[in-house]
Every structure is written in C-alpha cells, then in structure tokens.
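A.B. asks: I have a structure I would like to understand better, so I am pasting it below and will then ask my questions one at a time.
The values are calculated or read from the model by the stated rules, or taken from the named source; none is laboratory data. Owing to the predicted nature of the structure, the values given are computational and were not obtained by experimental measurement. Positions of Cβ are generated from backbone atoms using ideal geometry, with glycine treated the same way; all protein chains shown enter the neighbour counts.
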Amino acid sequence: MKKLVLSLAILVAAVSSYAQGTVAFKTFGSGANGSVNAKITNPDGTTPIQGTTYTVEMLYGAVGADISTFLSAGTANPQTGNFAGYVSAANPNLVNVPIGSSVNVYFRAFDNGGGLISSYNNATIRGQSGVVTVASAGDPQNPTTIPVPVGLQPFSLAIVGVPEPSTIALGVVGAAALLLRRRRA
C-alpha cells in the first residue's frame, strides 16, 4: 500500500512539473493580476484596426531572452464595433512555461490584405508592442489565475518600405535575354 501511495505521489509530481502556464491573449480587460487597455490603431494613430483584414499575434519567451527567439502563442483577428482595436482570443498554453513562472510577452499586428498576406514579415502595414513581463503564468484549468499583460501600451501600425523588386527584374531580364538568343539562333 505504501508503495502504491508513493508511486502515485511521484506520478502526480512528474505530471504537474510538465504543466504549461498561460497568459490571457487580450489587449483589453482584467485578469488575475490587474487590467490592460492597449488599443491597436492604423498608421494614422487614431483609427482602430478591426475585423478579418488584420491579424494580431501574441509571442512569448523567457525573461531576458532576445525577442527573435520568442514563440508564437497564436493569432487572432481584432474585434469590431465598440471593441475595435482590441483583441480577445482563447488563452493559449505556453509551451515550456510552468504555471507560476515569469514570462515575457509582446503583440504584433499586420494588415493581412484580406487574407492574402499570412506573415508579419511579409506585410507592408504592421506594428508591434513593447515587451512586458508577466510575473506569474496562470493555470489554464483555473480561469481565476490567468493573468493579463499588465503594462502593455497601445501601439500603431506603420507603413514599412516595400523591398526593391530587383530579383524579379533580374529574372525578367534573364528571360528576355534567353528569348532573344533563341530567336537569333
């Protein structure tokens, strides 16, 4: 009987050590640690982004880590109507972030061109928040423990330079040269 109880205790400890924490995927509202109010706006700085034309992504990583190493917690579309400019999505499980540990998070948003642009890096209208530290990741099984990214500030998207299409131009010149060469032969 003692061996069974000891085995169960070890099993529970092992399983709970793999528990993944969570942070609320929202830019407006309250959570276990306070509240957040971080509206995301278009490049004009006043018009809130809204609907399926935009994608918002939450990223997370270890405290002190470079943001280039952060992982995506998922994406969502911003809300519409009275809550335009804000996002509220399902709370993600943060891989390798134990419940109760500190984690850094930030948000980035982009105009997805009506679904034609699938990545932040390919978007010409995009922006990101600053990084905030959430002191204690919550338990996904207990909603009263789930924190919000307190300290997250509002941010605007910006129009970024469109890269020079030099590669395409070089390809067109090469194709034209091949056609001319074939014609002469």
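A.B. asks: Can you confirm whether ASP66 is farther than 19 Å from ILE146 by Cβ, within 19 Å of the chain's Cα centre (by Cα) and surrounded by fewer than 16 Cβ atoms within 10 Å (Cβ to Cβ)?
C.D. replies: Working: farther than 19 Å from ILE146 by Cβ: yes; within 19 Å of the chain's Cα centre (by Cα): yes; surrounded by fewer than 16 Cβ atoms within 10 Å (Cβ to Cβ): yes.
So ASP66 fits the description; yes.
A.B. asks: Looking only at residues that are assigned to a helix (DSSP H, G or I) and surrounded by 10 or more Cβ atoms within 10 Å (Cβ to Cβ) in segment 158-172, which one is modelled with the highest pLDDT?
C.D. replies: VAL172
A.B. asks: Okay, moving on. Among (1) surrounded by 14 or more Cβ atoms within 10 Å (Cβ to Cβ); (2) modelled with pLDDT of 95 or more, where does SER72 come up short?
C.D. replies: (1)
A.B. asks: Can you tell me which of (1) at pLDDT below 95; (2) under 16 Å from ALA38 (Cβ atoms) is the one ARG184 doesn't meet?
C.D. replies: (2)
A.B. asks: Looking at segment 77-98, is at least one residue farther than 12 Å from THR55 by Cα, β-branched (Val, Ile, Thr), modelled with pLDDT under 95 and surrounded by 15 or more Cβ atoms within 10 Å (Cβ to Cβ)?
C.D. replies: Yes, segment 77-98 has at least one match.
A.B. asks: Right, another one. Going by the conditions given, is VAL12 outside any loop (DSSP other than H, G, I, E, B) and modelled with pLDDT of 95 or more?
C.D. replies: Answer is no for this residue.
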